[in-house]
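The structure appears below as structure tokens.
Since every read-out is calculated from the coordinates, none of them should be taken as a lab result. Predicted model, so just to flag it, every value in this text is computed and none were measured. Heads up, the Cβs are rebuilt from the backbone with ideal geometry, glycines too, and the neighbour counts pull from every protein chain shown.
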Amino acid sequence: MSREHDAPPSASGLDLGAASAAQEIEAIYRIERVRLIAGLARHVGDLSLAEDLAQEALVSALAVWPHRGIPPAPGAWLMTTAKRRAVDLWRRRQMMARHEAALAHDIETGRADDHAGVEAALDDEIGDERLSLIFAACHPLLSRDQRTALTLKVIGGLTTEEIARAFLTQESTVAQRIVRAKKILREGEVSFEVPRAHERAARLASVLEVIYLTFNEGYAASRGEDLIRTTLCEEAMRLGRILVGLAPEEPEAHALLALMELQASRFKARLAADGRALTLETQDRRFWDRLLIQRGLEGLATVTRLGGENGIYALQAALAAVHARAATFEDTDWGRSADLYDRLLERIPSPVVALNRAVAHAMAFGPEVGLTLLAEIEAEPSLAGYGPLHAAKGDSLMRLGRMEEARAAFERAAAFSGNAMERAFLMGRVAECDADLGVIEPGHQR
């Protein structure tokens, strides 16, 4: 991933102030974090220790860089610092002599301090470094829930709250899964290397799921001020392209990449000039990225060639293609969308898929049908605090002219939302209901 910080002060001669330095350093660390942890995990063989060493390298950077300036290759500096810390720990504990010798040799011969050389090596290995960590975290020793939660936390940088939302479960449950997963990997002495082809095939489904969930969190951020977390989506697509290269005959790898590219094609159109979130109906489709759409449709064609049209990612990519192929909102083939969701629900009988199916059926066959389908899943415990359920209900009620009920549904959806942009959009729908009902805002006269 490209860096988004300014030129290093050490190169420009600038002396950073303490506050701006800390912000700059933390921004660099966010960019380098996953690559740093992945590289350290391969050396020390312990994911928790790798995370601790990376964090200690950040602390060192916060202490040193404001005075000496940001080095030309900050990622290499962080890696070298973390490795030195690892050697110190091993010496004190008299552990892992083989690893100590290898790391000490790199540092003492100066190779680890050759910032340009180390940075180039890291860039050469970035795909494998990160992917090795994903594959390691998707080890068969772990349960599906454990490996997905662990990888989303370490690779995606998601919080336990965000992961809990993706799983529709409790934060404490997710935290326990992550702790348990790290312990299993440590006790099992799992190697943090990309497994061989036959081993990769066994873990591929889990890796695809992690990338999918990472992209989803970026596409519709569950928390924060931004509707889209672009860096998460870009990282997920980058990993998707690597996987397609590793498994060129795997239709679901192509399907997931196609899905992400088709969804990402709408990024520039999802926000109005004033920052408001825009629905598919109100988006200016001239801003859709035609190159990404072309790539996505070509990926779907590859899926068809490989005979994978009924895969879970293939069906979702086909759903995204329904919108990508429609020149206007009115041209959307909602009947095909409803059919695809029927097929997807058979493959993934989850309440979220059922919710999206209800929305598609509402658009294809009328809001009354949508409300009937929503009523069937409204009592589902995992959807109790799920805002999109109430937003979908509000939309169907609004289309039926039942504004009082729609208003209440949109307010409920906004109350459950943790994202500022999403919440503002939902309160905008509340205001639309108020306007239709003739509600007068405080301080205004009709």
Q | Radius of gyration and maximum dimension Dmax of the stretch 352-423, Cα, Å | A | 11.5, 32
Q. How far, in nm, would the chain grow between Glu189 and Glu161 when pulled straight, counting 0.36 nm per residue and subtracting the alpha carbon separation?
A. 7.2 nm
Q: Sort Val369, Val174, Val210 so that the residue with the fewest other Cβ atoms within 10 Å of its own Cβ comes first and the one with the most comes last.
A: Val369, Val210, Val174
Q) Between Leu278 and Ala415, what is the label-to-label distance in nm when each label sits 7 Å out along the Cα-to-Cβ direction? A) 3.2 nm
(Q) Using Cβ counts within 10 Å as a stand-in for footprinting exposure, how do Asp436, Asp395, Asp284, Asp274 rank, fewest first? (A) Asp274, Asp284, Asp436, Asp395
**Q.** 13 Å beta-carbon shell around Thr328, net charge (K/R +1, D/E -1)
**A.** -2
Q.
How would Thr282, Thr160 line up from fewest to most surrounding beta-carbon atoms within 10 angstrom?
A. Thr282, Thr160
Q.
List the residues, sorted by chain then number, that are 5 or more residues from Leu271 or on another chain and whose placed amide H is less than 5 Å from its amide H.
A. Leu278
Q. Name the residues of the stretch 240-277 whose amide N is less than 20 Å from a point 7 angstrom out from the Cα of Arg305 along the C-beta direction?
A. 240-262
Q) For the stretch 278-321, rounded, prolate or oblate, judged on the Cα gyration tensor with a ≥ b ≥ c (square roots of eigenvalues), a/c < 1.5 rounded, else prolate if a/b > b/c? A) oblate
**Q.** Where only alpha carbons of the stretch 338-381 are counted, the Rg and the Dmax (Å)
**A.** 9.7, 27
